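So the structure is just underneath, and the comments pick up after that.
Any read-out appearing in this document is the output of simple, stated calculations on the displayed coordinates, not a laboratory observation. These numbers were taken from a predicted model, which means no experiment stands behind them. Don't worry about glycine lacking a Cβ; one is built from the backbone with ideal geometry, like all the others, and counts go over all protein chains shown.
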Amino acid sequence: MGATDTFLRITTLIRRNALVFIFISAHSLFAIFLGPLSALAPDEKGYLYTFNNLYGSSPDPNPQYSSGWITAPKIFLWVSYLPAKILTLVGLPDYLAIRGLSIILATLSLILIMKMLNQLASTRRPSYNPIFIFYFIPSIFLWTSVGLREAFIIAETTAFFAGINYLMREKNKHAFVFLFFGSYGLLSTKSYLWACLMLTLLLSCLMYFFIRIDRKKILKLLIIGLLLPVVAFSSTTSTYAIGFIFQSDVSVIGERSGDSISQVYVDKPGSGTGSGTGSGTGSGTGSQEEPVKELITFHGDYTLIALHFYLIDNPNSLFSKVFAFLNLDEKIQSIWDEKVQSGLVSETNQVGKDTSSLNGHILEPGKITDPLSMLWPAFIFLCGPFPFIGDPGIAVGVASLESPLWWALYLLVIFQFIRFRKVRFLRDPQILFTLIFLAGETAFSALVEVNLGTSFRHRSILFVPLVFLYLRLAQKTKEQKDLELGVI
């Protein structure tokens, strides 16, 4: 009877939280399907190294320097990766453990957004479908299924925006928790993004004075969202990390090379043939020539290289078997052979050096001294890569098929502004903050992005603000209607 009751409670819990259960299940199955493959997220190896050398005795005293966690305090990493560590203790492989942590963080982000959606409900149950679909944009789905920092960034920005929402609704306890941990976490995860968020905060607070927002709220926002996280971060990180942050220069970042170079030795066609002589009595001598190796330099196409060798080295993996069943392995081999042949006939043995296409992997960033030069990079950041243009390689080619989904998301948010055009959104502190942040992040990306693949990945930063903006416009309309009806 006890087992029956437990089963009923579990099924009831799943039924009431069906979308969350589907979300976790889909991400978990995808993470398992990938196996140890990191071709879709090359930087995952660095984060895995950090995780494996973070706890216990390690010859590397600063394992975070081998990944994107350069400025992160160790105490932040110890606490953040603790759920992943627990997963390894129950038998999960290390790569699945850090992916499991990403899934947990993404789920928390989804739950916070869904709670905000619940605030719109009056008498009927709200529809989660649009928000749920947003979270299944392929790149967002990928970044929240692998062990990169993107899941941290999504969770931290969601927490900060939720904190502002709670603060403006006089729910201070929730606001303080989300604002502090969102800000401190983002500062530890990606300092330049935190700096962009804080500049938005300072500019927004300045404008709040003009639209007559309660000054106590402004003060709380500055103390909890800015001052305390800085104090906490400064007291927990290293002097090296602080120096790294303050020595960063936007103009220098924008001048770095956007090229992505990989070098691979391949067999030269016609080499490795056998030769020999023999007598009629069956005795003789023979020799087998070693194949001649040629060094091919790939500009971009890292995903193709990683997939090619992974399929060869891991033929029995689930990922390889699925690719074989769908004949995708033959497609990968065909593209590989074509690229290698192109490199062998080239005088310099280079592939993909031509970046003249609209989808060329090297981007030309704008300059602060020439604001108009930022328009085209900003457009590429928001809308690129573009489908069926040029020969961008496998990763960018697949990514380009997703771009129309982002265009649809932009149009959906614009439609929300048109739909709720009676809302005085420029006088709403949350909408104002979000619009400034989106403009600032787009401008910053236009100044620093020099690689198309990296730019595409960083576009995920816009995901939470866009979803928040979509919801806040509807929430603001409901608040105005309730105010007119005397409900609040």
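Results, tabulated for the structure shown:
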| read-out | value |
| --- | --- |
| Simple Cβ-charge dipole of the stretch 361-488, Lys/Arg +1 and Asp/Glu -1, about Cα centre, in debye nearest 20 | 600 debye |
| Distance violations [Cα-Cα > 27 Å] among LYS115/LYS478; LYS339/LYS367; LYS217/LYS478 | LYS339/LYS367 |
| Span from the the stretch 84-104 Cα centroid across to the the stretch 154-182 one, whole angstrom | 27 Å |
| Inter-centroid distance (Cα atoms) of the stretch 399-420 relative to the stretch 440-464, Å | 17 Å |
| Which of LEU405, LEU358, PRO387, positive extreme of dipole for the stretch 349-448 (C-beta unit charges) | LEU405 |
| Whole-angstrom Cα spans of the stretch 361-488 along principal axes, big to small | 59, 34, 18 |
| Modelled label reach - MET207, point 7 Å along Cα→Cβ, the stretch 449-469 residues with backbone N closer than 19 Å | 462-469 |
| Built amide H within the under 5 Å cut-off of ILE296, gap 5+ | VAL264, TYR265, VAL266 |
| Coordinate range along principal axes, alpha carbons of the chain, Å, largest first | 108, 73, 47 |
| The stretch 418-488: trypsin sites (Lys or Arg not before Pro) falling in loop per DSSP and having at most 12 other Cβ within 10 Å | ARG421, LYS422, ARG424 |
| Over 12 Å [Cα-Cα, the stretch 326-378], rounded percent | 74 percent |
| Sorted by Cβ density within 10 Å, fewest first, the residues CYS196, CYS383 | CYS383, CYS196 |
| Charge dipole magnitude, Cβ of K and R +1, D and E -1 - the chain, Cα centre, debye nearest 20 | 3140 debye |
